[in-house]
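Every read-out reported here was derived from the displayed coordinates using simple, explicitly stated rules and does not represent laboratory data. Predicted model only: the values in this text are computed from it and were never measured. No Cβ is skipped: glycine too gets one built from the backbone with ideal geometry, and neighbour counts run over all protein chains shown.
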Amino acid sequence: MTSTEAPAPTIDGAALLDEVEAFHRRFNVFPTEGAYVAVALWDAHAHLLDCFDSTPRLAFLSPEPGSGKSRALEIVETLVPHPMVAVNASAAALFRAVSGTEGRPTILFDEIDTVFGPKANDNEELRGFLNAGHRRSGVTYRCVGDGSSQSVQPFPSYCAVAMAGLGSLPDTILTRSVIVRMRRRARNEHVEPFRQRLHEKGGHALRDRLGKWADSVRKAVEGSWPAMPEGITDRPADVWEPLLAVADAAGGMWPRRARAACVELVAAAAQDDEASLGIRLLIDLRDTVFCGIDRMPTAAILECLTAMDDAPWVDMGGKPLTPRGLSRLLSGYVTGANKPIKARPIRTAAGTVPRGYYAEDLADAWARYCPPPPPKSATSATSATPQVSGGESVAERLPGICYTATETATPDARTA
């Protein structure tokens with residue numbers, strides 16, 4: 001450098017990550033603040049892959065289509081180095097791409113449910129590739145050559161992988177992943193439409209700056225061992241170590257935010273979701289079962305569901321829907337407080353405490369996944385409570401434990 005040349009300006013890593021997060025927020029609605037933090041850190045970690053012993057998979061999963069998974073993957077694509085969009089790619093094609101000479105790709109696997117979903121056969125070869133590539137030392141062995149001249153050759157498998165799909169993934173992949181449970185946007189949640197020709201350049205500019213920043217902190221990151229939040233050990237620690245190292249290198253508020261996101265996402269339950277059957281259940285619960293009742297015991301809900309004409313609940317694999325089946329279908333959705341919907345005790349004036357469900361717990365899922373309820377006509381106004389066989393309402397069949405929002409109950413019943 002001559003005396004007239006100014007030194008290269010130092011890149012503010014915290015400000016750069018702020019910009020990456022803001023870019024995601026323009027086009028993506030993630031379920032929690034922690035998800036924005038985790039995804040921005042994951043984008044940056046892909047530029048520093050050789051600094052770590054392992055790389056977490058990033059999984060955008062949802063119970064229903066139209067929840068923004070593919071859009072999230074599109075935004076990630078603009079921010080990571082050497083993106084390779086893989087849909088129905090074979091394991092052989094992937095490990096040859098990773099071991100090639102043109103730079104390790106960041107693999108973006110959309111529609112991963114077509115590979116591991118319930119209608120797909122087990123794909124052990126691809127599962128093995130994704131599992132092996134989680135660690136820096138991971139390799140895939142293949143025979144190379146013809147006939148008797150074949151030899152076993154190791155192919156490096158270590159690479160960053162982001163996935164999007166319906167439902168869930170095999171446990172061996174889930175435990176190696178940062179999981180973002182996407183939800184369909186509520187009517188009051190708005191994002192900009194992503195236009196590739198218009199917005200891709202902005203993402204690429206951030207990507208190039210991330211690459212330059214990564215080069216400037218590479219040596220510091222290689223020698224770092226970030227402190228884990230209390231209780232984060234074993235596999236979750238392996239998953240989050242690279243992201244926390246990136247946050248520590250960036251500084252500012254990112255170390256604190258990263259650890260908060262780590263605790264939040266690790267603690268989140270990894271629940272399998274059912275797709276269209278789950279939405280049918282939510283609609284039936286809102287429009288036919290609850291109908292102004294603010295809490296109902298599980299037995300009453302099941303009685304109402306199985307009494308419905310042209311509904312699947314009376315024949316679920318040869319038997320009626322059970323309390324366990326109802327719990328499994330609802331557990332993939334969350335309350336307004338972002339907790340899985342679960343049965344809770346319903347304390348009654350009669351002194352019994354059956355378990356059941358509260359309308360307030362279902363309200364957020366109803367708003368996000370169900371179409372607007374049909375308008376009530378004057379003739380239907382008298383049918384505000386669900387009917388079971390014989391024309392008797394659930395509230396009449398089980399008095400004292402099905403409360404409407406305006407019904408008077410004892411203080412114990414109201415605070416349960």
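Stokes-Einstein diffusion of region 13-267 at 37 °C, 0.692 mPa s viscosity, Kirkwood radius from Cα pairs, rounded to a whole number: 176 µm²/s. Normalised radius of gyration (Cα atoms, divided by 2.2 N^0.38 Å) for region 299-372: 1.20.
Distance from a point 7 Å along Cα→Cβ of Trp225 to each backbone N in region 18-60: keep the residues under 17 Å and list them by number. Answer for region 18-60: 51-54. Each principal axis of the Cα cloud of region 11-63 was evaluated for its coordinate range; sorted largest first, these ranges are 33, 27, 15 Å. The orientation-averaged shadow of the Cα convex hull for region 29-111, equal to a quarter of the hull surface, comes to 6.1 nm².
Pairs spanning more than 25 Å between alpha-carbon atoms, out of Lys69/Lys339; Lys69/Lys212; Lys319/Lys339: Lys69/Lys212; Lys319/Lys339. Computed from the Cβ-Cβ distance with R0 of 35 Å, the FRET efficiency linking Ala186 to Leu277 stands at 0.95. Direction-averaged projected area, Cα convex hull, region 174-289: 11.3 nm², rounded to one decimal.
Its alpha carbons considered, region 194-248 gives a radius of gyration followed by a Dmax of 15.5, 45 Å. For region 161-268, the set of trypsin sites (Lys or Arg not before Pro) satisfying both a DSSP loop assignment and a count of at most 10 other C-beta atoms within 10 Å is given as Arg187, Arg195.
Could you tell me the relative contact order of region 13-267? Use alpha-carbon pairs under 8 Å, at least six residues apart, and round to a whole percent. It rounds to 32 percent for region 13-267.
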